[in-house]
Amino acid sequence: MERSEAYGFSGAMSGAFLLSCLLFAAVSRRQRGPYMDEVFHVPQAQAYCQGRFLQWDPMITTLPGLYLVSVGVVKPTAWLLGWTGSVVCSVGMLRFINLLFSAGNFYLLYLLLFKIHQKNKAVSGFQRILSTLILAMFPTLYFFTFLYYTDPGSVFFTLFAYLMCLYGNHKTSALLGFCGFMFRQTNIVWTVFCAGNVVAEKLNEAWKTELQKKKDEKVFSKKGSFSDLTRILQFLIKYLISPKNLITLTALTWPYIILVTVFFVFVFINGGIVVGDRSSHEACLHFPQLFYFLSFTVFFSFPHLLTPTKIRKFLLSLRKHPVQYSLITVISLFLVWKFTYVHKYLLADNRHYTFYVWRKVFQRHELVKYVLVPFYLFAGWTFTDTLKSKSIFWILMYFVCLLAVTVPQKLLEFRYFILPFLIYRLNIPFPSVYRQLLELAFYTVVNAVTFHLFLNRTFQWENSAEIQRFMW
């Protein structure tokens, strides 16, 4: 990092942290007590603070990573500063843990952008810092910086594991992946993603060698062709059934294999992936979740994905491949018809934005969910098109992980999209400074509206005296 870039990064990170501290103070003043899921998380952490490690709230569905880290930070700090009484492990103190995770995420995002795009010499230090600031302010993640939720810590350990994987420190990466798993069980998918990075790299090397033998470099460059995809899948099967190749890949990814094995042992002993309240967190094949994620990504990355050039290219692709797109449309309509699920929380909890998205869009008419399929088609195409700089094996591996982390979820919850979105956004080519500034302005407006609604537009339910607030 050059000196000017170091100064710029330090200034951006310090400014972002100062802004977060001011917002943290405002949230803590307006909402002093636990809110929403904090009602479960805060008492559980406080029980751990008091040494009651065998106490467990059956409504909590995640493992105790957040509470263990909180105790590990708060208790030594309280001892060093001489704090006693209610201030130790208070709601404000516990929330501050996520403010620290947020600062860590800022630094990790910068390091990941630097590592992933290090071969692109055209990228300036200003663009890296700007992209880091944008991703650190990603609205769905940024909001939960100020509440005692698992998201900032979950993102921190997963991004840290990804960074170590890119640097080839696979044992450290697997250990950090275990920490991420302790925050949220579905993070095991991103451990598989880290292993997949290693596998995709070896496959890409072997594929290039295969192409050189055939003197046919054009095959590799045409990632969008269906015939090319068939040839690649044939190569993939041939490569993976070779015992020699399997031994090589196992030697490279054994730390991740151990962690995945631990995960399956946990699922077997626990009787499922969910720790606590299983009745509200049942796994199912909810394929439209992929469509919701793609729409979510287009919304939050519209300066890059929803452009006139992209639309023209998509229409041209439609004209070139009408049969393939017709088949994809029919399959998508079938998946929407047979595999759309509506969770009871989505219909009942009017504090979440998803409640209003579902009511204002999907519940307007029975046919709306089918009418949206052409947009899903465009979203999927433009999403994939921005990843064309990555190898086909990386893309296949990412989509497998994306399906694994979204499709089994019955509840439409934007928090589930945070990690797949960040990993996608980290890996697309750097956009122009103009598009970056537009994205930053958009995120700033969304965050401003979100915090205004949360802090100032409160309401009450008829059967409850508690103040309710709008949130992600």
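The values are calculated or read from the model by the stated rules, or taken from the named source; none is laboratory data. This structure is a prediction, so every number in the text was calculated from the model and none was measured. Heads up, the Cβs are rebuilt from the backbone with ideal geometry, glycines too, and the neighbour counts pull from every protein chain shown. The area values use the complete protein model at the heavy-atom level, side chains included, leaving out ligands, DNA and RNA. Shrake-Rupley method; radii C 1.70, N 1.55, O 1.52, S 1.80 Å.
Taking every protein chain into account, the 1.4 Å probe leaves Ser14 with about 80 Å² of accessible area, to the nearest ten.
Applying a DSSP loop filter and a limit of 12 other Cβ atoms within 10 Å to the trypsin sites (Lys or Arg not before Pro) in the stretch 406-472 leaves Arg457.
What ranking of Val42, Val361, Val446 comes out by heavy-atom accessible area, probe 1.4 Å, highest first?
Values: Val42 0, Val361 55, Val446 25 Å².
Largest to smallest exposure gives the sequence Val361, Val446, Val42.
Taking a point 7 Å out from the Cα of Ser124 in the direction of its Cβ, the residues of the stretch 1-34 whose backbone N falls within less than 20 Å of it are 1-13. Note on the stretch 347-408: Kirkwood hydrodynamic radius from all Cα pairs is 14.2 Å, rounded to one decimal.
Against the chain, whose longest principal axis is taken from its Cα atoms, helix 226-240 shows a tilt of about 70°.
Stretch Met471-Glu201 to full length: gain in nm at 0.36 nm per residue minus the Cα-Cα span? Working shown, then result.
Values: separation 270, 0.36 × 270 = 97.20 nm, distance 4.01 nm.
Contour length minus the Cα-Cα distance gives 93.2 nm.
Rg of the Cα atoms in the chain, relative to 2.2 N^0.38 Å, amounts to 1.01. When the Debye formula is applied to the Cα atoms of the stretch 282-431, each taken as the same point scatterer, what base-10 log of I(q)/I(0) results at q = 0.10, 0.11, 0.17 Å⁻¹? Scattering profile of the stretch 282-431, log10 relative to I(0): -0.36, -0.44, -1.09. Quick one: grab the alpha carbon gyration tensor of the stretch 51-118, order the square roots of its eigenvalues as a ≥ b ≥ c, and give me rounded if a/c is under 1.5, else prolate or oblate depending on whether a/b is larger than b/c. Oblate.
With each label modelled as a point 7 angstrom along the Cα→C-beta vector, the Gln363-His452 pair spans 2.6 nm.
The mean sequence distance of close C-alpha pairs (under 8 Å, at least 6 residues apart), as a share of the length of the chain, puts its relative contact order at 19 percent.
Counting helices only, and only those DSSP H runs with n ≥ 4, report the 222 nm mean residue ellipticity of the chain as the sum of -39,500 (n - 2.57) divided by its residues, in deg cm²/dmol to the nearest 500.
Taking each H run of at least 4 residues, the total per residue is -22500 deg cm²/dmol.
At R0 = 30 Å, how high is the FRET efficiency between Leu403 and Leu246 if r is their beta carbon distance? Nearest 0.05 is fine. Each step should come with its number before you reach the end.
On the way: r = 23 Å, r/R0 = 0.78.
It comes out at approximately 0.80.
Dipole of the chain computed with +1 at Lys/Arg Cβ and -1 at Asp/Glu Cβ about the Cα centre; of Pro255, Gly15, Leu316, farthest Cα towards the positive end is Leu316. Figure note: Lys202, Lys121, Lys171 ranked by solvent-accessible area, largest first, 1.4 Å probe, ligands and nucleic acids not counted: Lys121, Lys171, Lys202. Extending 7 Å from Cα along the Cβ direction at Lys208 and again at Ser14 yields two label points whose distance is 4.2 nm.
Average accessible surface for the chain: 48 Å² per residue, computed with a 1.4 Å probe over protein heavy atoms with every protein chain in place. Leu372 contributes an accessible area of around 50 Å² to the protein surface, as traced by a 1.4 Å probe with all chains present.
Taking the C-alpha atoms only, the angle from helix 38-49 to the longest principal axis of the chain is near 70 degrees.
Element breakdown for the chain at a 1.4 angstrom probe: carbon and sulfur atoms account for 67% of the accessible area.
By how many degrees, between 0 and 90 and to the nearest 10, does the Cα long axis of helix 392-406 differ from the longest principal axis of the chain? Helix 392-406 sits roughly 40 degrees off the main axis of the chain.
Quick one: order Phe178, Phe378 from most to least accessible surface, probe 1.4 Å. Walk me through the intermediate numbers first.
Details: Phe178 80, Phe378 15 Å².
In descending accessible area the options line up as Phe178, Phe378.
Ligands, DNA and RNA excluded, the heavy atoms of Lys313 present near 80 Å² of accessible surface to a 1.4 Å solvent probe.
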